[in-house]
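As structure tokens, the structure follows; a few thoughts come after it.
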Amino acid sequence: MMSTTKAHIKISKLIYKERTDLLSESETDFLNVWKNESDENRTIYERLSQDLDLESKKEEYNQIDLGEAWKKLEPQLKAETKVRTLFKEFVRYAAILILPLAIGGYLVYHAIDSVESYDEILVDNIKPGTQKATLVLANGEMIDLEDQQNSLIKTPEGDQLNNSNHKLSYNSEQLAEMKTKWHRLVVPKGGEYQLQLSDGTQVWLNSDSELKYTDRFVGKDRIVHLKGEAYFDVAEDKAHAFIVKTNTMDVKVYGTEFNVMAYEDEEAVYTTLVEGSVGVDLKNETGIVEKMMLKTNMQVAYNKGALKGEVRTVDTGLYTGWKDGRFQFNDEDLGSILRKLSRWYDVKVFFQNSTIQNIRFTGEMKRFDDFSTILDLLELGSDVEFQVKGNVLTVNQKI
């Protein structure tokens, strides 16, 4: 996505914003990673960060005809072919035409923003997800919860549901004399939503996910059905087990916190336990394949093809950070990372070379960062580059 010239322009902008206390936390992280990547980068950073009287430069800048300056600068940039020479020429022309001390960033921050590349404009059209979901009632009626925000929803079935602050809540007392009904909460790609079940259990549903549940629980067990991913904080009730059913795994608890990821396009299904203990039944079309118990900070990964489960101790934040607004990766392959990003930013991903999917990354990103920031961080120090057209992200290997 970022050419070398474009990368240097971005760095110049960030340095200027750092000098003027306009740098965001994610931009600070990006600048620090780039600066520490090589001695050459640190030299460039120090050169552009030298002490400048920005107020006097601003007066000087205001006297410049920016359109004419850019007309003179752009052909020189395009004519160069060697990376090192190109950047030296960029700094030299910026120095001659704009700022005598070669900061570059002042020009970039105030003027070159209007000379966006086609890729940047396209990426800007891709936004992070929002809190949105559809409630599907037992009679098939669909209610857009985004349209019904901060309201009391009265259904034809007799339910009265509170939909406030992007959270749908059930009240079991209102339903005590009524027949139980199955509802579904459907969260699309580019969405997330929170749900409070009738027993007080809190559920966070991730993008491209669906939870089927009864409006109140009766009988021996509290059963829900999950497609996709959800985080559960289960209300304690030792007399009534809480069971999460997926196509290949059932998770049984009485009161604890855990995450279940069961997307159809993933090779494995994961249950990650934050605290307490859970029983897990691994299954296929014919029945239960294996039973196991998990304790705090443990995870089971069930490979659907091999019909084999693996239990391991993990950093649970890597698997639950999404509900708190973070993407966290630890030696995770690019294919897995981009599947997560594709659900949240609602984009389609195409790899020019399938082996690129195996490149591994470690790091943390904010879930609500601009898509361009996410891609820049993945490109930085790696052998991949991205191209965006519409909502299609193409991944290439750098030449």
Do the conditions hold for D237, that is, is it farther than 17 Å from K181 by Cβ, of a type in the set (D, E, K, R) and under 26 Å from the mean Cα position of the chain (by Cα)?
no
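The rows are residues; the columns are (1) of a type in the set (F, W, Y); (2) out of contact with any Lys or Arg (no Cβ under 7 Å at 6 or more places or on another chain).
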| position | (1), (2) |
| --- | --- |
| Y231 | yes, no |
| E236 | no, yes |
| N259 | no, yes |
| A262 | no, no |
| K291 | no, yes |
| G305 | no, yes |
For segment 192-204, does any single residue satisfy the condition of being part of a loop (DSSP other than H, G, I, E, B) and farther than 18 Å from K181 by Cβ?
yes
Boolean, D237 is among the acidic types (D, E) and crowded, with 23+ Cβ neighbours inside 10 Å:
no
Of the criteria (1) assigned by TED's automatic domain parsing to the domain that holds E264; (2) more than 20 Å from A268 (Cα to Cα); (3) surrounded by fewer than 20 Cβ atoms within 10 Å (Cβ to Cβ), which one F242 fails:
(3)
Picking from F217, F232, the residue that is at pLDDT 95 or above and either of a type in the set (F, W, Y) or surrounded by 18 or more Cβ atoms within 10 Å (Cβ to Cβ) (or both) would be F232
Taking into account only those residues within segment 283-323 that are of a type in the set (V, I, T) and within 21 Å of K227 (Cβ to Cβ), which is nearest to the chain's Cα centre (by Cα)?
T320
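The rows are residues; the columns are (1) surrounded by fewer than 16 Cβ atoms within 10 Å (Cβ to Cβ); (2) in contact (Cβ under 8 Å) with a residue 24 or more places away in the chain; (3) of a type in the set (K, R); (4) part of a strand (DSSP E or B).
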{"position": "Q299", "(1), (2), (3), (4)": "no, yes, no, yes"}
{"position": "A306", "(1), (2), (3), (4)": "yes, no, no, no"}
{"position": "G309", "(1), (2), (3), (4)": "no, yes, no, yes"}
{"position": "R312", "(1), (2), (3), (4)": "yes, no, yes, yes"}
{"position": "G321", "(1), (2), (3), (4)": "no, yes, no, no"}
Which condition number in (1) closer than 22 Å to T246 by Cα; (2) outside the structural domain of N247 (by TED's automatic domain parsing) is the one that T296 fails?
(2)
Quick check, is V280 more than 24 Å from the chain's Cα centre (by Cα), farther than 23 Å from L137 by Cβ and buried (at least 23 other Cβ atoms within 10 Å of the Cβ)?
yes
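Please tell me if D369 is of a type in the set (D, E, K, R) and part of a helix (DSSP H, G or I).
Numbers: of a type in the set (D, E, K, R): yes; part of a helix (DSSP H, G or I): no.
Judged against the criteria, D369 is not a match.
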Condition (residue is assigned to a helix (DSSP H, G or I), outside the structural domain of K35 (by TED's automatic domain parsing), within 14 Å of the chain's Cα centre (by Cα) and surrounded by 16 or more Cβ atoms within 10 Å (Cβ to Cβ)) applied to segment 378-393: is it met by at least one residue?
yes
Going by the structure shown, is V186 part of a strand (DSSP E or B) and over 19 Å from I153 (Cβ atoms)?
no
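The values are calculated or read from the model by the stated rules, or taken from the named source; none is laboratory data. All figures in this text were calculated on a predicted structure; none of them were measured in a lab. Cβ: placed from backbone, ideal geometry, glycine included. Neighbour counts: every protein chain shown.
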